[in-house]
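Everything below concerns the one structure shown next.
The values are calculated or read from the model by the stated rules, or taken from the named source; none is laboratory data. A quick note: this is a predicted structure, and the numbers were derived from the prediction, not measured. Here the Cβ positions follow ideal geometry from the backbone for every residue, glycine too, while neighbour counts run over all protein chains shown.
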């Protein structure tokens with residue numbers, strides 16, 4: 001089976017996949033945070049106040065914690081945009097091709113962002129952050145245009 005069919009067979013497919021991938025990025029962001037906590041001698045007693053151990057994390061672990069928190073913030077912006085585009089595609093038909101590309105690229109940029117944040121590569125982190133935000137903005141814009149101008 002051609003994998004591209006999974007992403008393009010239905011007009012709404014790229015936006016549904018974008019939701020799945022963006023949610024997976026949030027879940028993946030736990031991995032470097034968990035590694036940092038294990039390096040900071042995480043014990044079961046830390047479960048009483050897991051954020052209190054922040055000061056014990058190494059510098060990269062603090063960045064992992066911030067990247068994890070930012071993943072939730074990004075998902076909170078991206079999920080409604082992807083849903084809007086999904087609904088617009090179901091109601092109005094296919095959105096412009098670059099919209100589907102933006103939907104699928106956004107989670108990839110967010111994954112790179114996590115690596116750049118943890119690795120302290122600020123220029124790459126900033127570029128990924130801004131580019132992913134533009135991708136989300138495209139979904140809002142094109143989804144709204146499709147719904148407003150559909151008859």
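Brief remarks on what is shown
- Within the option set 78, 68, being assigned to a helix (DSSP H, G or I), over 19 Å from residue 140 (Cβ atoms) and modelled with pLDDT of 95 or more holds for one residue only, 68.
- Annotation note: of 38, 92, 4, 18, the sole residue that is at pLDDT below 90 and closer than 30 Å to residue 149 by Cα is 4.
- Unmet requirement for residue 83, which otherwise passes all of (1) part of a helix (DSSP H, G or I); (2) buried (at least 18 other Cβ atoms within 10 Å of the Cβ); (3) in contact (Cβ under 8 Å) with a residue 60 or more places away in the chain: (2)
- Only one of the numbered conditions (1) more than 22 Å from residue 31 (Cα to Cα); (2) surrounded by fewer than 15 Cβ atoms within 10 Å (Cβ to Cβ); (3) in contact (Cβ under 8 Å) with a residue 12 or more places away in the chain is not met by residue 131, and that is (2).
- Subset of region 97-124 (residues that are farther than 20 Å from residue 17 by Cα, part of a helix (DSSP H, G or I) and free of Cβ contacts under 8 Å to residues at least 60 places away in the same chain): 115, 116, 117, 122, 123, 124
- For region 14-45, a residue qualifies if it is touching a residue at least 60 places away in the same chain (Cβ under 8 Å) and part of a helix (DSSP H, G or I), and the qualifying residues are 14, 15, 16, 17, 18, 19, 21, 22, 24, 25, 28, 32.
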